[in-house]
Amino acid sequence: MLLLELSIVALLCQTDNAAKTTPPPNIVFILADDLGYGEVGCFGQEKIKTPHIDALAKEGVRLTEHYSGSPVCASSRCVLLTGLHTGHAEIRNNREVGGWGPDEPEGQLSLSANTNTIGSSLQKNGYATGAFGKWGLGGPESVGHPNKQGFDTFYGYLCQRVAHNYYPTHLWNNETKEMLEGNESWFAAHEKLDAEPETYDRFAAKTYAPDLILEEAVDFIDAHAKEPFFLYFASTIPHLALQIPDAELAAYPESWDTEPYLGDKGYLPHPRPRAAYAAMITRFDAEVGAIVKALKDNNVADNTIIVVTSDNGPSWVGGVDMDFFGSKGGLHGRKAQLWEGGIRVPTVVWWPEHIQPNSETQTPSAFWDWYPTLLAVADQEVKETDGINLLPSLTDQSEIPERGLYWEFGKSQAFRLGNWKLLQFNTKEGVDTHLYQLDKDKSESVNVADTFPEQTALMKKLSIEARTKSSEFQSFLDKYHTQ
C-alpha cells in the first residue's frame, strides 16, 4: 500500500513538473498601416494577392466585426497598447512635435512615463519584448520612447512623418540613430510633377527600410526562441507614399495603369500607382509569411498566437484607387472618419490547437480588447482597461456580453451598442446626429435617428458617460461634462 501511495505521489510530481516546464505562449501582433477592410483575400479582395494572411485565416479565425482604436495612426496605437479607448486614452489624435524638414524634431505627442502598456506588463512578467516598424508615440529622448514603454528592443521609425518615406536617411536602433547606406540624400515624401518624367529614380534610394525592419524582427525571434516573447510588428505598409522595388510591380498587369500618378493628391508620384499599391499590400503579406516562417524554423509556431490587423481604414489620397480595389469592402467611409470604413478593420487570429480552423466570429470587438486578451494568453494580471478578454470568443465561439464601444476623433464621435451605431458631428449649424442599424445597413446609408428617438437619446447618454475630458484633445462633447 505504501509503495502504491509513493508511486502516485511521484506521478503527480512528474505531471506538475511537466506543467511547469511548458513555456508560456509567444505572442506576435502584426499591424498593417492603413490596410482597408476589403484589401485582403480572406475578406473579399479579388485583385490583390495575400496568400499568407489567407492561409492564417484558413487555419484560424476571422474577426468580421473588429474595430481599430481610432481612424488615424497615433491614437489607434495608443488605444491598442494601453487598452483604453479614445474616451479615456491619453492620445486621442495625431499630434506632431515637429515639422516636415530633415532637421525638424522627430516624433508625435509622447506617452507619459510609466504608462501601463501590453509591452510593460509582459516585460514585468518575464517576456522578452520587441517592437519593430512604426512607433508614433514619442520621439527620441522622450519618455514615450518604446524602450521606456516596455520594449527591450526597438528598430524602425520613431516618427510617423519620417515614415512617409520608405527610403529614409535613418532608422532608430533602440536609442541609436542608424544612418542607412545609399540614403544619405534626404528628399521629401510629398512632391508634385507637372508632367511625367523619363525616370522616377529620384523617388528612391538604395536601402528600402521595410527590408531592414523585417530582418530585425526575424533576428528577434531567432534570439528569443527559447524564452517567451512578445513581438509587436507595426509595418509601415501600405501607408503612402507609393514606393516599392520595381521588381515587385511585375506581379500586377501593366494594363491596370493607363496614366501615371503625378502627386497632385499628396505623397510621391508613381508611374504605375495601382500596381504599386497592390504590390505594397502583397509585400505586407510577405512580411507576415516571413514571420510565420521564422516561428516554424525555430520550432515555436505551435506555441505562438498571431494577430494580424490594421490600425485604421484605407487612405483616400496619394494615388490610392479605393474604388478599383474595393478597398472598403462595402463599408462607408475611410481613414480619418468614424464611419465603418474608417475603423472596421480586417483581422485574423491564428493559434494552433486553440482556435478552430477556418472559423469566424461576428462578435463586435475593438483594439482596447487586446490588452486584456493578450495578458490572458500569458496568464497575467490585467490592470485598468476598457477592454474585455476575447479568448472565449476566439477559442470556442462563446458569446461575449453586449457592451458599448466608443470612439472620438476631433469634431466627431461614435458609439456602438449591439447593432446600433451612433455618429455625431460638430458642424457650423450644430451637432449632426446619425443612428444606424448595422445588421440591416452595414453601409450606413439610412439615418434612423428621427425614427428611433428613444434609442438615439439612450446612445447619446451612454456615449457621454463613456468618456472623460482630455487636457490635450478637446471635443464638442466637453460641454456635456462637469468633471
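Only the coordinates and a few stated rules stand behind these numbers; no lab work does. Everything numeric here is computed off the predicted structure, so don't read it as measured data. Here the Cβ positions follow ideal geometry from the backbone for every residue, glycine too, while neighbour counts run over all protein chains shown.
What is the distance in Å between the Cα centres of region 182-227 and region 424-454? Each part reduced to its Cα centre gives a spacing of 42 Å.
Which of the peptides 45-52, 352-359 is most tightly packed, and how do the rest follow, going by the mean number of other Cβ atoms within 10 Å of each residue?
45-52, 352-359
In this simple spin-label model, placing a label point 7 Å from the Cα along the Cα-to-Cβ direction at both Q455 and E181 gives a separation of 6.2 nm. Taking a sphere under 15 Å around the Cβ of S185 and counting the other residues whose Cβ falls inside, with K and R at +1 and D and E at -1, yields a net charge of -3. Would you mind calculating the relative contact order of region 24-401 from Cα pairs under 8 angstrom and at least 6 residues apart, reporting the percent as a whole number? Relative contact order of region 24-401: 31 percent.
The stretch between K58 and N125, if pulled fully straight at 0.36 nm per residue, gains 20.9 nm over its current Cα-Cα span. Given their separation in residues at 0.36 nm each and the Cα-Cα distance between them, N358 and N447 gain 28.6 nm when the chain is fully extended.
Using C-alpha pairs below 8 Å separated by at least 6 residues, the relative contact order for region 410-480 is 26 percent. Sorting the segments 452-458, 128-134 by their mean number of nearby beta carbons within 10 angstrom, highest to lowest, gives 128-134, 452-458. Just tell me which aspartates and glutamates come within less than 13 Å, Cα to Cα, of K335; anything on the same chain fewer than 8 places away is out. Within the straight-line limit of under 13 Å, K335 reaches these aspartates and glutamates: D33, D34, D311.
Between L193 and N419, the simple label model (points 7 Å from Cα in the Cβ direction) yields a spacing of 5.0 nm. From the square roots a ≥ b ≥ c of the eigenvalues of the alpha-carbon gyration tensor of region 410-480, which class results: rounded (a/c under 1.5), prolate (a/b over b/c), or oblate? Here region 410-480 falls in the prolate category.
Using Cβ point charges alone (K and R +1, D and E -1), the dipole size of region 232-326 about the Cα centre works out to roughly 180 debye. Projecting the Cα atoms of G130, P372, P51 onto the dipole axis of the chain, where Lys and Arg carry +1 and Asp and Glu carry -1 at the beta carbon, places P372 farthest toward the positive end. With only Cα atoms counted, region 100-192 has Rg and Dmax values of 14.1, 50 Å.
Each of N447, G342, G101 was scored by the projection of its Cα onto the charge dipole of the chain, and the greatest displacement toward the positive side belongs to N447; charges sit on the C-beta of Lys, Arg, Asp and Glu. The alpha-carbon of K148 sits under 16 angstrom from the alpha-carbons of these lysines, leaving out residues fewer than 8 places away in its chain: K124, K134.
Cβ neighbours within 10 Å, averaged per peptide: list 441-448, 388-395 in order, most packed at the top.
Averaged packing, sorted descending, gives the order 388-395, 441-448.
This model, with +1 at the C-beta of Lys and Arg and -1 at the C-beta of Asp and Glu, gives the chain a dipole about its Cα centre of some 1080 debye. For E46 and V143, a Förster radius of 51 Å and the Cβ-Cβ distance give a FRET efficiency of 0.65, rounded to the nearest 0.05. Computed on region 187-315, with alpha-carbon pairs under 8 angstrom and 6+ residues apart, the relative contact order is 33 percent.
Per-residue ellipticity at 222 nm computed for the chain from its helices equals -7500 deg cm²/dmol, with DSSP H segments shorter than 4 residues left out and the rest contributing -39,500 (n - 2.57).
First check a/c for region 362-483, with a ≥ b ≥ c the square roots of the eigenvalues of its C-alpha gyration tensor; if it is under 1.5, answer rounded, and if not, answer prolate when a/b is larger than b/c or oblate otherwise. Oblate, because a/c is 1.5 or more while a/b does not exceed b/c. Region 112-153 and region 324-365 have Cα centres spaced 26 Å apart.
Note on region 410-480: Lys pairs 8 or more places apart or on different chains, Cα atoms under 29 Å apart, count 28. One quarter of the surface of the convex hull around the alpha-carbon atoms of the chain equals 26.6 nm², the direction-averaged projected area. Between T433 and I464, full extension at 0.36 nm per residue minus the direct alpha carbon distance yields a gain of 9.8 nm. Which value results for Rg/Rh of region 34-85 when Rg is the Cα radius of gyration and Rh the Kirkwood radius based on the inverse mean 1/r? Taking Rg over the Kirkwood Rh, I get 1.04. Couplings 3J(HN,Hα) of region 345-362, computed from phi: 10, x, 9, 10, 10, 10, 7, x, 6, 10, 10, 5, x, 6, 9, 8, 10, 9 Hz, in residue order, whole Hz [Karplus 6.51 cos²θ - 1.76 cosθ + 1.60, θ = phi - 60°; x for Gly and Pro]. The residues neighbouring E104, those whose beta-carbon lies less than 15 Å from its own, together hold a net charge of -1 under the Lys/Arg +1, Asp/Glu -1 convention.
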